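Reviewing the structure listed below.
The values are calculated or read from the model by the stated rules, or taken from the named source; none is laboratory data. Everything numeric here is computed off the predicted structure, so don't read it as measured data. Reconstructed Cβ throughout: ideal geometry from the backbone, glycine too, with neighbour counts over all protein chains shown.
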Amino acid sequence: MRLIGLAGVSGSGKSTVAGFFAAELLDRGFSVKLDGFGTPIKKRVMKLKQEKGLDAVLDKQADRVAMQNIGSAARAMSRGYYIASLAGRNSCYSGPPWTPADFLIVPDVRFPAEADFVKELGVLIYVCGCRKPLKGAAAAHESESHFAELFAGADYAIAPQPSLERLAAAVKALVDAGEHLKKQRS
């Protein structure tokens, strides 16, 4: 399994870029899975909202703060929890026949240790730009403080694009370049 990790500030388009990568790789015959370090937290917060009858309440700032607080608590107990969890869910360290997909796209690289893990098994791409800046407690959280370091350590960067079509073309150009297709753990 080869990883494509996406880092960038909130609202930079990481999820959109992940979707473009998945579509492009699927079109080329690769199997693809999307999963993030924070996926279990997001699912838990959404389930809790549903259980409390709050699932119709759309408050992305409050949801993000809840996810950040849960993430910080788990990280305080075990610094490598999210890396081990992602690796376990996706069989990152096992070879054929256990590997479930050719590529795992991870759209939420937020910490240097996560970036190191991704780069060990694939490539880190920094998605530049910010269309929806965070405010208040969400913006001040430690998960929003490593972007300069992540940008400096990225294998590639995708510049802000004026349209979704241009963004899709930028992703296609990276796939066409093919370097990340060749890089896999030996």
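Structure above, values below:
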| read-out | value |
| --- | --- |
| Test: residue in the stretch 146-158 that is assigned to a loop (DSSP other than H, G, I, E, B), at pLDDT below 85 and in contact with a Lys or Arg (Cβ under 8 Å, 6 or more places away or on another chain) | yes |
| Residue that is farthest from Lys135 (Cα to Cα), among those in the stretch 46-73 that are in a helix (DSSP H, G or I) and modelled with pLDDT under 70 | Lys60 |
| Check on Arg75, within 17 Å of Pro112 (Cβ to Cβ), without any contact (Cβ under 8 Å) to a residue 40 or more places away in the chain and exposed (fewer than 13 other Cβ atoms within 10 Å of the Cβ) | no |
